Each structure stands twice: as C-alpha cells, then as structure tokens.
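Enquirer: Quick one: structure below, then a few questions.
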Amino acid sequence: MEPEAALEFVKQGATMLLLDVPQNTLIGIDTHMFSTGPNFKGVKMIPPGVHFIYYSSSNREGSQFSPIVGFFVDASPSEEERYAQAVKNLEFDRQLGPYALDRYGDWKRLSNYITKNTIESIEPIGGEITVISESEVVENVPKTAMEKVLAEQLKSSKFSKPVEKSPSKGCYYTSIPRVIKQKGASGQELTNMNLDKTQILETILMKQHGGSDDSLLGELQFTFVAFLMGQSLEAFLQWKLLVSLLLGCTEAPLHTRTQLFTKFMKAIYYQLKVGFQKDSKDTGRAEKGAMTLLDESLLSADNFLRHLCKDFFSLVLDAPMVDGDLLTWTRKLRELLEQTLGWDFQQNSAVDGMYLEEDDEFAPVVEMLDDPDHTETPLNMIGGDAICPHHTQAPST
C-alpha cells in the first residue's frame with residue numbers, strides 16, 4: 001500500500017489498543033488471525049463498523065492453546081469522536097475563541113484543591129448548579145439581613161428565568177453542626193468546646209473527609225466558585241459555614257492542624273483577592289453583569305468575616321510561637337483586607353461596639369441535653385458571666 005493511502009487509513013480508521021498481551025497469544029479480528037510478538041500493542045486501520053475480536057492464550061512454548069474467547073465491537077466513530085477529530089484537524093479553528101491564558105493563574109489558585117472526586121461527591125443530581133433550583137434548599141435556613149438581600153438579588157438576576165420547581169436536592173455539601181451537643185457534659189465543658197471549634201473540625205475531617213485536609217479545602221473552593229461565578233446562594237451559605245468553622249478554631253491552627261490552616265489562609269487570600277477584582281473598573285461588561293455580588297453581599301464593615309478574622313489574626317499574630325508560613329499568609333490576608341476594604345482590626349474599635357449591640361448570630365450556643373425541656377442558650381448567658389462571643393478564651397469561672 002502506498003504510504004499516503006496507509007496514512008489516510010490510519011487517520012480515518014479505528015485503532016484498538018491491546019496492551020500487555022503475552023507473546024504467542026493468538027489474536028483474531030474478523031477473518032484474520034495471527035500470533036503476537038514481543039512488541040505487539042494492538043491493531044490499527046480498522047474500517048468503521050462492527051467487528052469480531054477473539055483470542056486464545058498459549059502455554060510458554062506456544063504449542064498448546066486455550067479455548068477461544070471472543071466479543072463484538074463497533075468501530076464506528078461516535079459523534080463525540082468525530083467532533084474531537086475535527087477539532088484536532090483545526091476544522092473549527094477560525095470559529096473558536098481562545099482561553100484567556102493570562103487569567104489561568106487566578107483560576108489555578110481558586111481551584112487547586114478541587115479534584116474529580118470533589119466534584120462527583122458534591123455536585124447535585126444532573127450536575128447543574130443554579131439558584132433557581134435552590135429555593136426549597138435555602139428558604140428554611142436562617143439568614144442575616146445581608147443574605148436576604150443577596151437572595152433577592154439572585155432571584156431577580158437577569159440570568160434567572162421563571163421555571164417550575166426543580167426536583168433537585170441541591171449540592172451534597174458536608175454537614176457542619178452549629179454547636180457541639182454532648183450529653184452529660186457540664187455547661188463549662190460545652191462552653192469551652194464551642195468557643196474553640198477544633199473538636200468539630202476534627203470530627204468533620206475524620207468522618208466526612210477521611211482525615212484529608214485537601215478534601216475539605218476542595219469543598220471550600222467548590223463553594224466559592226459556585227457562589228462567585230455560578231451565583232449560588234446555597235454555595236455561599238456553605239462557604240460561610242466552612243470559613244466560620246475554620247476561623248473559629250484556636251487549638252488547631254497553632255498545634256494540631258497548622259499545615260491545614262496555612263493552606264486555608266493561602267486559599268481564602270486568593271479567593272478574596274480574585275473576588276475583589278470582579279468589581280474593578282476595568283472588568284469586562286459581561287463580567288460586570290454576572291459577577292459583582294462579592295462586594296455587594298459580603299464585604300460590608302459589619303459582616304461575619306471581619307469579626308472572625310479579627311479574632312483569628314489576634315490569635316496567630318500574638319502567639320509566642322507560630323509556624324512561619326502560617327504567620328506569613330495570615331499577615332498577607334490581613335493586609336489585603338486592610339488595604340482593599342479599609343477594615344480596622346484593632347481591638348475595641350467603634351464597629352465592634354455597634355456589632356455587639358445587635359443580635360449576634362455568630363455567638364456559640366449550647367443545648368443542655370440532660371434537661372428534657374432543654375432550650376438553646378447563648379454561651380454569653382451561662383453562669384452569669386458576660387462572654388464576648390468572639391473571645392478566644394473561656395472565662396475562669
């Protein structure tokens with residue numbers, strides 16, 4: 001066969017890879033059978049259509065053979081394969097827009113912990129993440145005034161269309177308890193456990209993430225992307241829970257999970273840095289229409305993030321001994337928030353006073369399970385002591 005004709009058959013025909021086949025095995029395709037040699041890896045130039053593949057293994061000497069085993073295959077190219085080949089042949093090249101490679105670095109920093117397993121374990125049935133199918137998921141969740149405004153923004157978005165209620169359950173996010181409930185524990189013990197979220201974090205890591213730091217961070221990144229780019233309110237609520245859980249730990253950052261918190265500081269630093277850029281003046285018209293929610297819904301002076309960050313920064317920056325990488329990224333995050341938003345992280349600022357006068361949705365709460373008529377009690381009411389809801393140390397009495 002002429003080389004040009006053979007090359008055309010290679011391009012147009014199917015190729016069947018048969019890897020690690022022992023030498024002297026009998027291989028057949030349709031009416032042709034042959035014995036394999038030491039370099040055999042498969043068959044090329046197979047015409048489109050149905051074919052029958054069969055084989056018979058031999059003994060070491062190649063003198064005796066097993067009964068033949070065979071199966072049919074359809075070598076007709078699928079629509080997906082035809083389009084893939086067309087793309088490789090540059091048939092669509094003039095009609096394809098290029099990926100914005102100058103922004104790929106930002107995307108890698110936002111998604112470096114998201115894996116195929118992350119997506120498969122979290123994504124909703126059908127894979128589509130949209131606020132229009134989340135009404136039943138989030139309508140019974142207590143929301144701050146800020147989140148209610150966000151919900152209305154998302155529902156009234158020009159990208160949202162009135163549709164029938166979706167049967168989708170929503171994403172399969174990690175279940176995060178708001179408080180630790182431990183039967184038989186004293187009020188003081190519950191107070192200590194809920195002021196420091198380390199025990200909750202450890203339980204979640206071991207039971208729901210197999211002890212993997214990266215798995216938890218993958219979910220953190222999944223939720224941020226789904227919120228910022230996908231306008232998912234459910235994702236924002238889960239991101240808020242994850243951030244509150246991590247920033248609410250005092251033992252883990254300095255002792256038991258320092259590496260996790262170093263990676264967390266770096267991850268949230270880039271999340272907020274990229275999120276701030278979405279509201280910049282040089283943002284494209286399309287992006288301004290789709291991704292301007294971060295500044296409007298989250299970054300006000302009296303939001304949860306500022307108060308949690310303030311206590312966490314104090315914990316790390318005032319610690320007598322702290323990991324160098326954790327210290328570096330904590331400082332970088334603090335500088336980003338101070339320079340970009342003008343937040344004041346000094347203790348006892350005016351904003352703190354305003355904050356403590358309002359209902360505190362972030363105050364730890366305990367349930368006294370010993371009492372059949374138990375009610376949820378804010379920790380700052382236990383034992384008659386006034387406890388700042390964001391203070392990192394339990395009272396002495």
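Enquirer: If the Cβ limit is 6 Å and pairs must be 6+ apart or interchain, which residue in the range 316-343 that is in a loop (DSSP other than H, G, I, E, B) pairs with which residue that is open to solvent by less than 70 Å² (accessible area, probe 1.4 Å) and among the β-branched types (Val, Ile, Thr)?
Expert: Note: pairs meeting the criteria are 322/316; 323/258.
Enquirer: Something else about it: Filter the range 225-260 down to the residues that are within 25 Å of residue 326 (Cβ to Cβ) and charged (D, E, K, R) and list them by number.
Expert: Those that are within 25 Å of residue 326 (Cβ to Cβ) and charged (D, E, K, R): 240, 251, 257.
Enquirer: Continuing with this model, one more query. Of everything in the range 29-56, what is touching a residue at least 24 places away in the same chain (Cβ under 8 Å) and over 47 Å from the mean Cα position of the chain (by Cα)? Give them in sequence order.
Expert: Matches in the range 29-56: 35, 56.
Enquirer: Another question about this same structure. Can you tell me which residues in the range 231-256 are closer than 16 Å to residue 172 by Cβ and open to solvent by 10 Å² or more (accessible area, probe 1.4 Å)? Steps first, please.
Expert: Kept after step one, since they are closer than 16 Å to residue 172 by Cβ, are these residues of the range 231-256: 232, 234-235, 237-239, 241-242.
Matches in the range 231-256: 234, 237, 238, 241.
Enquirer: Only residues that are touching a Gly at 6+ places or on another chain (Cβ under 7 Å) and in a loop (DSSP other than H, G, I, E, B): list them for the range 32-50, please.
Expert: Answer for the range 32-50, where residues must be touching a Gly at 6+ places or on another chain (Cβ under 7 Å) and in a loop (DSSP other than H, G, I, E, B): just 47.
The values are calculated or read from the model by the stated rules, or taken from the named source; none is laboratory data. Only a predicted model underlies this, so the values are computations on that prediction, with no experimental measurement involved. Cβ: placed from backbone, ideal geometry, glycine included. Neighbour counts: every protein chain shown. We work out accessible area using only protein heavy atoms, side chains counted, and drop any ligands, DNA or RNA first. Shrake-Rupley method; radii C 1.70, N 1.55, O 1.52, S 1.80 Å.
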